[in-house]
Amino acid sequence: MSHQDKMSEYGCVTNHQTIKQVVDRFLPAKRFAGMIVRKGSTWKPRMLAAAALLWGGGDAPTLVKRFEQARSIVKKMFRWQIGPGETYQGFMKVLRKWHAKLRPAVTSELRLQMEQDDCWRTGGFTVFAGDGSRCELSRTQSNQAAFSPSKKRKKKSKTKASHKRRLLHQQHRRLKKAERTTKESEKSQSAASAAKKANSPQLWLTLLWHVGIGLPWVWQSGPSDSSERDHLKEMLGELPANSLITADAGFVGFEFWRSIMDAGHHFLIRIGGNVKLLKKLGYAREHSHTVYLWPSEAAKKLHRPMVLRLIVIHDGKQPMYLVTNLPKSQLSDSQAAKIYAKRWGIELFFRTFKQTFERRKLRSHSGGNCPIELDWSLLALWCISLLGRQELENSGQDGNRLSPARAIQAFRQCLHEYRMRPETTDKGLMSQLRHALLDDYTRTSSKASRDYPRQKKRERVGPPIITRATKEQMLKAKQLTQKSSDIQLPA
C-alpha cells in the first residue's frame, strides 16, 4: 500500500486528492479506453472530461476563471501526464470536438450507479418525471441567431378591400395613440420593453428526472420556442424498458401518447380542458373509469382509439384528473396519486439548478458553446448530488434527505481549497457530505401566502371534456374491431 493510500484510509489527504477520488468514482478509466487522440495532444479524453466536470461545477464569476481553476486541479491530479492546454479558447475548441463522445461516457457510468440504488423502482416501475424550463443567455448576436424565438411572418392581404381595411385600421390606431395621456404612454413603453425581454435569447431545457432517486436521467435543449413534447419523444430511446412517465397537463396529445406506448413505456399524465375524451365507445371491455382518446383526424386515418383509464383525485382544493394506459391491477389509484405527487420534485430540481447552483443565466457568448455549458453544468450537479446521496447511504442514513445546497457548498469549498489539507477528517469533503441533511423542522405557514410580486397568474386546470360516443363513432370503432379479428396468422 502506497503512502498516499495509507493517508487516504487513515488520515486527511489534500483536497485535490479527494477530488481525484471523486473523478475515479464517476469517470473510471475503462469508459475512455477506446478513445484515441492524435499524437502530441495535450488534452487526453479522461483529463478533458474531468476538467469539463470541474468547470461545469465551479462558481467563479467568469467561465475563464472557472477554467483556470479546473485546469489547476486537473494538472495536480494528472501530474504524471503532459500538462493540459493553457487557454480557455483551446479548451473549448477541444471540448466541442469531443463533447459527443464524452457526455455518453459520463452519463452511462452515472446511470449504472443509479440502477444499483434501492430506490430504483417506485411501485414496481422505473418512474421518470418530465418537464421543461428556460435558461437565460447573454444577448449576443451568436446567441440571438441560435436561440431567439422564430418570428412569425404576417399574412399579406389578398384583396383590395382587406388592404383598405388595414389602412383604415392603421389610421385609427394613430389617432388613438395621439390621444393617449402621458401615463398611458408610459404603460405602452413598459409593455414594449417586456415584449423585447420576451424575445431575448433563451435556452429551452426538457428533462426526464428519476422520481425515486431524485436525479436527472436524460435531457434535450433547444431554442426558447422548442416543443417539450418533441424533446421528450427524442429521449424515449434512452429510457429503461417498461418505464413509467409522469408529467403535467402540457404533455398531452394522441400522437405523443402513442409514441410513448410504441416505445414500450407507460404514462401517467394530468389532463384538463385541453383534452377531449369519449365514453361508451364499445371498443374495449369497459368499466366506470374507462375513457377513450380518439380525435377526428385519427379516426379518419383509421387509427385505433386509445383506451385509457381516468383517475380523479381531490387535493383538498379542487379535483385533479389523471389518465394512464395501465390497468388497476398494475397501478392502483392510490399508487398513481403518490407517484404524481412526487413529480413535484422535478420543479425543486430546476430551482436547485437555476438558483442554488447559479445557472439561471448561462455565461457563454457563443451559440455553439451554450448547450455545452448547460450539459456539463447538469453533469456536475448530477455527480455532486449522487456523491452526496451515496455518502449518506454508506453512513446508514436516508439518501432522500440530502440537502443539495449543503452538498454543493461542500464540493465548491473543496474546489477553492484544493491545495489545502483539512485540519481534521470532519472537515473533509466526504465527512461534510455525510452531514449534508435537510432541516427537520415542519413548515407551519404557506409560502404562497407571502406578498411576492407574481410575473403571471396561473389559470386553474379545468376538467377534461368528456362526451358520449356518437352512433357513427361506435360503428366505426366496431368496424375496426372486426377488421382486426379478421386478420389471422398463416398456418
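The values are calculated or read from the model by the stated rules, or taken from the named source; none is laboratory data. Model, not experiment: these values are computed from the prediction. Heads up, the Cβs are rebuilt from the backbone with ideal geometry, glycines too, and the neighbour counts pull from every protein chain shown.
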Requested in this report: Those residues that are more than 22 Å from the chain's Cα centre (by Cα) and either surrounded by 22 or more Cβ atoms within 10 Å (Cβ to Cβ) or more than 25 Å from Lys65 (Cα to Cα) (or both), I need them from the range 391-413; list them, please.
Outcome: Glu391, Leu392, Glu393, Asn394, Ser395, Gly396, Gln397, Asp398, Ala410, Phe411
Report task. Identify, by number, the condition in (1) assigned to a loop (DSSP other than H, G, I, E, B); (2) farther than 26 Å from Phe357 by Cβ; (3) free of Cβ contacts under 8 Å to residues at least 24 places away in the same chain that Lys30 doesn't meet. Result -> (1)
Query - Selected residue (criterion: surrounded by the most Cβ atoms within 10 Å (Cβ to Cβ)) from residues of the range 74-89 that are free of Cβ contacts under 8 Å to residues at least 24 places away in the same chain and assigned to a helix (DSSP H, G or I) - result: Lys75
**Report entry** Those residues of the range 226-280 which are touching a residue at least 60 places away in the same chain (Cβ under 8 Å), among the acidic types (Asp, Glu) and either closer than 22 Å to Thr467 by Cα or touching a Ser or Thr at 6+ places or on another chain (Cβ under 6 Å) (or both), in sequence order
**Finding:** Glu228
Query - Residue list for the range 325-384, filter: touching a residue at least 24 places away in the same chain (Cβ under 8 Å), out of contact with any Phe, Trp or Tyr (no Cβ under 7 Å at 6 or more places or on another chain) and aliphatic (A, V, I, L, M) - result: Leu326, Leu331, Ala336, Ala337, Ile339, Leu362, Ile372, Leu374, Leu379, Ala380
Query raised in the report: Residues Arg71, Arg66: which one is modelled with pLDDT of 95 or more, surrounded by 14 or more Cβ atoms within 10 Å (Cβ to Cβ), among the charged types (D, E, K, R) and within 28 Å of the chain's Cα centre (by Cα)?
Result: Arg66
Query raised in the report: For the range 357-413, which residues satisfy the criterion of being under 23 Å from Trp120 (Cα atoms) and assigned to a loop (DSSP other than H, G, I, E, B)?
Result: Ser395, Gly396, Gln397, Asp398, Ser403
Query raised in the report: Got at least one residue in the range 475-486 being modelled with pLDDT under 90, surrounded by fewer than 10 Cβ atoms within 10 Å (Cβ to Cβ), at negative phi and of a type in the set (Val, Ile, Thr)?
Result: no
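Out of Leu348, Leu374, Leu381, I need the residue that is within 29 Å of Trp98 (Cα to Cα) and surrounded by fewer than 22 Cβ atoms within 10 Å (Cβ to Cβ). Which one? Break it down stepwise before answering.
Working: Leu348 fails: within 29 Å of Trp98 (Cα to Cα); Leu381 fails: surrounded by fewer than 22 Cβ atoms within 10 Å (Cβ to Cβ).
That would be Leu374, the only listed residue that is within 29 Å of Trp98 (Cα to Cα) and surrounded by fewer than 22 Cβ atoms within 10 Å (Cβ to Cβ).
Quick check on Gln113: is it closer than 30 Å to His265 by Cα and modelled with pLDDT of 95 or more?
Here the answer is yes, as Gln113 does meet what is asked.
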Query - Answer from Ala52, Ala100 - the residue that is crowded, with 18+ Cβ neighbours inside 10 Å and part of a helix (DSSP H, G or I) - result: Ala52
Query raised in the report: Taking the stated definitions as given, is Ile346 in contact with a helix residue (DSSP H, G or I) (Cβ under 6 Å, 6 or more places away or on another chain) and within 21 Å of Phe128 (Cβ to Cβ)?
Result: no
